[in-house]
Amino acid sequence: MDHLFELPTEYEDLRASVRALAENEIAPFAHDVDEQARFPEEAHKALQKAGLAASHVPTEFGGDGADSLAVTIIIEEVARVCGSSSLIPAVNKLGSLPLILAGTAEQKERWLRPLAQGKGFSYCLSESQAGSDASALSTKALQVGDGWVLNGSKKWISNAGFSDFYTVLASNDSSKGAKGITAFIVEKSDEGVSFGAHEKKMGFRGSPTREVYFDNVKLSDDRRIGEIGAGFTIAMNTLDHTRVTIAAQALGLAQGALDVASKYAHERHQFGKPIFDFQGIQFMLADMAMNIAAARQLTYAAAAKSERNAGDLRFFSAAGKCFASDTAMKVTTDAIQILGGYGYVSDYPVERMMRDAKLTQIYEGTNQIQRIVMARNLP
Ligand code: COS
């Protein structure tokens, strides 16, 4: 029982080193990245140099082979100082997981190695008319000769334009619904691929979100990931694993906001004493910390289940994502309240964290979808 509910030291060591890197090399640029809505180049360089941008890539393909819990801690610690930067490892995992789950050894060699070397990998499932109802997608993959021709468009694609590689879910037979969807790898340089304008977002402003267009994009059959018609299952299975990374991100945002609010409460004096001495503030901080602790346990449990592909992963990843993101929304909002007027302006990072937290309740499946997934997979 001695170490039950304690992380093994290697994970705490990892946390300490990522925290130092995040505070020294990412945090100083977080405000500017948000204000200018620019890609966090400094973070990308620092993460890549430290082997953290796509650490999940197996060692046989040049990565670090970081397990799900390690990736969770990396994303959490980066998000604690900069949400946009934490999308670099999160999107790279999301985009490449279909390949890891269902690709051949040759396909993995072809795309995972460059990913480990610094290329980006995005995930293209959502469309303008197919969000929560993901299988209603209408991007078409037509089999022509021994290859494919892709036509259509994808919406809300994180790191679009930055990433070199894209996993694209397309319909090869619309009469079959979810069973008529196939996964492909598309490269940015493929003829017929183009990108829409940058979305003007409320949060995560440093991560480019754009539409991706496919205009008669010709793909050889070795771009197909998994069986014809297996795409939707691969896409959903991917989300079972990667919703944990969104939980991690939400957890980091919440922890970042709590750390700022707690420090501020000790430093800020009103009525002749630190505002921390007022019970009203103490109760808020205690609730924030309590919910973060609960979210962390759930998220780490989901990460461990992802690693061993446990039977109840689907419930736990949806629960972790839902609980951690709802916690992040509440905690970041309360952090602003504790900072008062200072919380509402961009001199402090908590308003940015609140804007970032909002998206964690929406993407990789809204929290309403997470509740549907949980209800369908009750433990
Ligand atoms: N893993 C593997 N297979 C899965 C699966 C999963 N997690 N979830 C569903 N499937 C399979 C089902 O088993 C079913 O196949 P069978 O008919 O052989 O059983 C098929 O996929 C269709 O499943 P289902 O009927 O449950 O699909 P629905 O249309 O009801 O949709 C939800 C299911 C709502 C859960 C799904 O569309 C979803 O997750 N939507 C949100 C999408 C999302 O997260 N988008 C965010 C953008 S991506 S960053």
- Matching residues in the stretch 10-67 (within 17 Å of the chain's Cα centre (by Cα) and either assigned by TED's automatic domain parsing to the domain that holds Asp356 or not in a helix (DSSP H, G or I) (or both)) number 10
- Item | Ser122 being within 13 Å of the ligand (Cβ to nearest atom), surrounded by 15 or more Cβ atoms within 10 Å (Cβ to Cβ), touching a residue at least 12 places away in the same chain (Cβ under 8 Å) and among the polar types (S, T, N, Q) | yes
- Hey, does the stretch 179-188 have a residue that's in contact with a Pro (Cβ under 6 Å, 6 or more places away or on another chain), at pLDDT 95 or above, at negative phi and within 15 Å of the ligand (Cβ to nearest atom)? yes
- Run down Gly196, Gly192 and say which single residue is open to solvent by less than 20 Å² (accessible area, probe 1.4 Å) and not polar (S, T, N, Q). Gly196
- Output the helices (runs of 4 or more DSSP H) that fall wholly within the stretch 317-379 and possess 1 or more residues being closer than 18 Å to Leu251 by Cβ and either touching a strand residue (DSSP E or B) at 6+ places or on another chain (Cβ under 9 Å) or within 16 Å of the ligand (Cβ to nearest atom) (or both), or say none. 350-360, 367-376
- State which residue is farthest from Gly83 (Cα to Cα) when the search covers only the stretch 317-328 and only residues that are free of Cβ contacts under 8 Å to residues at least 60 places away in the same chain and either buried (at least 21 other Cβ atoms within 10 Å of the Cβ) or among the hydroxyl-bearing types (Ser, Thr, Tyr) (or both). Ala319
- If you check Phe204, Phe232, which single one turns out to be surrounded by 15 or more Cβ atoms within 10 Å (Cβ to Cβ), within 14 Å of the ligand (Cβ to nearest atom) and part of a loop (DSSP other than H, G, I, E, B)? Phe204
- Query: Looking at Ala170, Ala160, which one is within 13 Å of the ligand (Cβ to nearest atom), at negative phi and in contact (Cβ under 8 Å) with a residue 40 or more places away in the chain?
  - Reply: Ala160
- Being under 19 Å from Ile338 (Cβ atoms) and in the same structural domain as Tyr348 (by TED's automatic domain parsing) narrows it down to one of Leu239, Leu258, so name that one. Leu258
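The values are calculated or read from the model by the stated rules, or taken from the named source; none is laboratory data. This is a predicted model, so every value here is computed, not measured. Note that we place each Cβ from the backbone using ideal geometry, even for glycine, and neighbour counts take in every protein chain shown. For accessibility, only protein heavy atoms count, side chains too; no ligands or nucleic acids. Shrake-Rupley method; radii C 1.70, N 1.55, O 1.52, S 1.80 Å.
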